[in-house]
Structures are given as structure tokens and as C-alpha cells.
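The values are calculated or read from the model by the stated rules, or taken from the named source; none is laboratory data. A quick note: this is a predicted structure, and the numbers were derived from the prediction, not measured. For neighbour counting, all protein chains shown are included, and Cβ atoms are generated from backbone atoms with ideal geometry for every residue, glycine included.
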Amino acid sequence: EKVDSLSWEDLRRYEELLKKFNKKAAALDLLEQKVGSVVADKSRLSLDKMPPAELILDLAELRAENKNTEKALILFDYLITLDAANLGKIVTASMVAYKRGELLKKMSRFDDARQSFARAKTLAPESVWAKLAGVAEKDLR
């Protein structure tokens, strides 16, 4: 119940503290409670009611680390649909495309991973994410 009363900013700070103290399982539980349930019901919510993209990205990464790759991919697929204004200042489309590609590579979905890496390079050709995507693409050959 207490989690529901936290603002997105407070939730973000709490999650960062949990990760800092190597409490990733607790961070995952926290994000699943608040972020996961909201994103799962996204069809009924307007974008302004959705959690910030960085919290969704954190949940996707924690899910992937915990071998919940299909659920992680759902979040990456959602993030890839957002425009720059809804991604915010920290998360970029190129970053999401690259990280999505890395997840797909771990899932042995190599053609999909290549497409995601190519998208990362197209979205922001000079970014670090594009450069990482280029390296990751070469690893797939």
C-alpha cells in the first residue's frame, strides 16, 4: 500500500538506493508493484499518467537480469514506440534500440537483434549507442 503513495520521483530515489546497496531483488519487486502494474494496463492510461521512461527501462533491465526476457522485451517494445518528449532527458530512442538489440541477442533472436542495432545507428548516428550497436552488429556476423 505504501508503494502506491510514492511519487514517481520518490520511487526513483528509493529504487536507486536499493540498487546501490545491492538489493536488486527488492528493487525489482518495488518496480513490479508500481511500474509493472501501470505499464501492463497502459491501454487505459494517458501518457502523462505513465511512469517515466527511465523507470520502465530500469524494470526492463532488471527483468532481463532475472531471466524474465519475454516480459523485459514487452517493456523495450513499449519504450521504442515513445517519441523523444516522452522518453525524457535520460533515455534516448537510440539507447532503447541498442539495449533491446542486446536483449534479443541474448534470446538468440539474431535477425531481430540486427534490426534493433541498425535502428540504434539510424536514430543517432554519432551517439555512443550507435557506436556500441555497430560493434554488437559485427559480433553477430
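A few notes on this one:
- Taking each residue of region 117-140 that is in a helix (DSSP H, G or I) and looking for partners that are of a type in the set (Val, Ile, Thr) with beta-carbon atoms closer than 7 Å, six or more apart or interchain, yields Trp129/Thr92.
- Matching helices (runs of 4 or more DSSP H) fully within region 1-115 where at least 3 residues are basic (Lys, Arg) and closer than 30 Å to Glu126 by Cα: 93-106
- Residue among Asp77, Asp4, Asp83, Asp111 that alone is touching a residue at least 24 places away in the same chain (Cβ under 8 Å) and surrounded by fewer than 16 Cβ atoms within 10 Å (Cβ to Cβ): Asp4
- Residue within region 45-55 that is closer than 23 Å to Lys106 by Cα and touching a Leu at 6+ places or on another chain (Cβ under 8 Å) present: yes
- Just one of the listed residues (Lys24, Lys20, Lys34, Lys89) is surrounded by 17 or more Cβ atoms within 10 Å (Cβ to Cβ), at pLDDT below 90 and among the charged types (D, E, K, R), namely Lys34.
Each row is one residue, and each column tells you yes or no for (1) farther than 29 Å from Lys20 by Cβ; (2) at pLDDT 95 or above.
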site	(1), (2)
Leu55	no, no
Ile74	no, no
Arg100	no, yes
Phe110	yes, yes
Ala118	yes, yes
